[in-house]
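The values are calculated or read from the model by the stated rules, or taken from the named source; none is laboratory data. Every value quoted in this text rests on a predicted model; they were computed, and no experiment measured them. Using ideal geometry, Cβ is built from the backbone for each residue, glycine included, and neighbour counts are taken over all protein chains shown.
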Amino acid sequence: MKVIISTLFFVGIISSIANAASKPSTMRSWKAAKVLDAYVKSVTAGESQLVEHLFTDDLEYYVKDGEGRKSKKEVIKFLKSMKGHTYDCETAYSVLDETTTNCLAKMTMRFQTFTRTDYIYLSSTDAGWKVCKILVGNS
């Protein structure tokens, strides 16, 4: 009897661990457009709730004529520091090209004195769509 109870207990623990490990992430089922929308809102409207999940671990973030490449950690830290901050600009974005594995989008933020343009590359990963590269320019 003790063997049966021990076995059932062990099987219960193993199955609960397996179920916990196989739960899909919040964004796993998201399409590229929804991830893009979350990125745009994090940049323009300070919505930073999901920023940890938006990017690949090897994110490349470049600012034209800027300080070089920024890491995922630096980008997340900055976006979190901007929580609740809204820019006074007109924002538009569109998908330029999309396949089953990659997506290229453009976001434009028009301020009174300049325009910021982000080219955003997304990739389909095992964890869902993620932003993998961002090129930022100002004109």
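Assorted remarks:
- Failed item in (1) loosely packed, with under 13 Cβ neighbours inside 10 Å; (2) touching a helix residue (DSSP H, G or I) at 6+ places or on another chain (Cβ under 8 Å); (3) of a type in the set (Phe, Trp, Tyr), with Trp129 passing the rest: (1)
- Failed condition for Cys103, given (1) surrounded by fewer than 17 Cβ atoms within 10 Å (Cβ to Cβ); (2) farther than 19 Å from Ser48 by Cβ: (1)
- Test: residue in the stretch 5-28 that is under 18 Å from Ile134 (Cα atoms), modelled with pLDDT under 95 and hydrophobic (A, V, I, L, M, F, W, C): no
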